[in-house]
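Visitor: If you scroll down you'll find the structure; I have some questions about it.
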2 protein chains.
Amino acid sequence: MGVSTDQMVARPCKLVRYKGGYLWRSVKRERYKQVPINKKSAHKESPQDWALIVRNVLIGQEGDTGSMHLRYFEISKGGYSSLEYHNHEHIVIGVRGKGTVRLANRKITLRPFDALYIAPRTIHQLSNRYDEPFGFFCIVKAKRDKPKIVSPTDIT
Amino acid sequence: MGVSTDQMVARPCKLVRYKGGYLWRSVKRERYKQVPINKKSAHKESPQDWALIVRNVLIGQEGDTGSMHLRYFEISKGGYSSLEYHNHEHIVIGVRGKGTVRLANRKITLRPFDALYIAPRTIHQLSNRYDEPFGFFCIVKAKRDKPKIVSPTDIT
């Protein structure tokens, strides 16, 4: 029996072209997290939770239908992501430069093409103390819980 | 209230170190698909469905607990993956060389850091007609359906 290719494509595929220079076509470099001005949520975060980090959403933009999202993050020298934990998982792949990943009480250095699985509820933070920007892919599920921000002084 | 890091790590994180040369520590280059000798399943496949392709499972090996898997595939000149479709999705990221991706009746060339979302039930096949090996990351859910193999002559 024949298979019609038209029938097979209910949801669209998506190609995101790399432009060079750690930039992709039709993908904006945006703030790591958008912080609404009049925010009253249990998901506490403040701009000082993170610094010098940009996000490029490759798969998972408005209108994308996939159940997994692919983002490219870049942390400049002295920058860091939130110290946080959540129920969802991360797959992280080093791409550019190198950086430090804190996993609970452990610290590792992540370099290009190193792959890291961050398990649910692990307190984690990514940071960069090197001159070259630290770039990495991060894959998450589309449906995910909000991170809980941790203060370094809260950790026992 | 303090947060104990010990409490937070119920499931282990996993770091897979890149060794250079498109190889990772403790990761075997293995056959693309294992074909049991006395196979009697609806999931029809034969060695001639694919050629000259190796798989490196970075996240998703025996014992890994994550709900998403990360694999690095490499297709040598003249090689190809199965022409197939399934309900699960792929996120593909070009890493090494370049190759061709068939998506239903469309063909695209994938180059390093190009990102591709392959939607459910899209007939697809990856192949390489270039001298350099075509390497790419492929991310899938851990729980996924078996691919259905399509014969090129079946497509209308």
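Visitor: Which residue is farthest from A:Val27 (Cα to Cα), if the candidates are limited to the stretch B:78-122 and must be among the polar types (S, T, N, Q) and more than 7 Å from chain A (Cβ to nearest Cβ)?
Guide: It comes out as B:Ser82.
Visitor: For the stretch B:59-81, how many residues meet the condition of being polar (S, T, N, Q) and part of a strand (DSSP E or B)?
Guide: Of the residues in that region, 1 qualify.
Visitor: Does the stretch B:147-154 contain any residue that is touching a Ser or Thr at 6+ places or on another chain (Cβ under 7 Å) and in a strand (DSSP E or B)?
Guide: There is at least one residue in the stretch B:147-154 that is touching a Ser or Thr at 6+ places or on another chain (Cβ under 7 Å) and in a strand (DSSP E or B).
Visitor: Taking the condition touching a Ser or Thr at 6+ places or on another chain (Cβ under 6 Å), aliphatic (A, V, I, L, M), open to solvent by less than 40 Å² (accessible area, probe 1.4 Å) and more than 7 Å from chain B (Cβ to nearest Cβ), does A:Leu126 pass?
Guide: So A:Leu126 fits the description; yes.
Visitor: Has the stretch B:72-80 got any residue that is free of Cβ contacts under 8 Å to residues at least 40 places away in the same chain and open to solvent by 30 Å² or more (accessible area, probe 1.4 Å)?
Guide: no
Visitor: For the stretch A:82-110, enumerate the residues that are part of a strand (DSSP E or B) and not β-branched (Val, Ile, Thr).
Guide: Answer for the stretch A:82-110, where residues must be part of a strand (DSSP E or B) and not β-branched (Val, Ile, Thr): A:Glu84, A:Tyr85, A:His90, A:Gly94, A:Arg96, A:Gly99, A:Arg102, A:Leu103, A:Arg106, A:Lys107, A:Leu110.
Visitor: For the stretch B:111-129, give me the residue count where each residue is part of a loop (DSSP other than H, G, I, E, B) and either more than 23 Å from B:Tyr18 (Cβ to Cβ) or at pLDDT below 95 (or both).
Guide: 6
Visitor: On to the next question. In the stretch B:85-102, what count of residues is obtained for those that are open to solvent by 10 Å² or more (accessible area, probe 1.4 Å), in contact with a strand residue (DSSP E or B) (Cβ under 9 Å, 6 or more places away or on another chain) and within 21 Å of A:Gly66 (Cα to Cα)?
Guide: 5
The values are calculated or read from the model by the stated rules, or taken from the named source; none is laboratory data. Note that the coordinates shown come from a computational prediction; the quantities given were computed from them, not determined experimentally. All Cβ positions, even for glycine, are placed from backbone atoms using ideal geometry, and neighbour counts span all protein chains on display. Quick note on the areas: whole protein, heavy atoms, side chains included, nothing else; ligands and nucleic acids left out. Shrake-Rupley method; radii C 1.70, N 1.55, O 1.52, S 1.80 Å.
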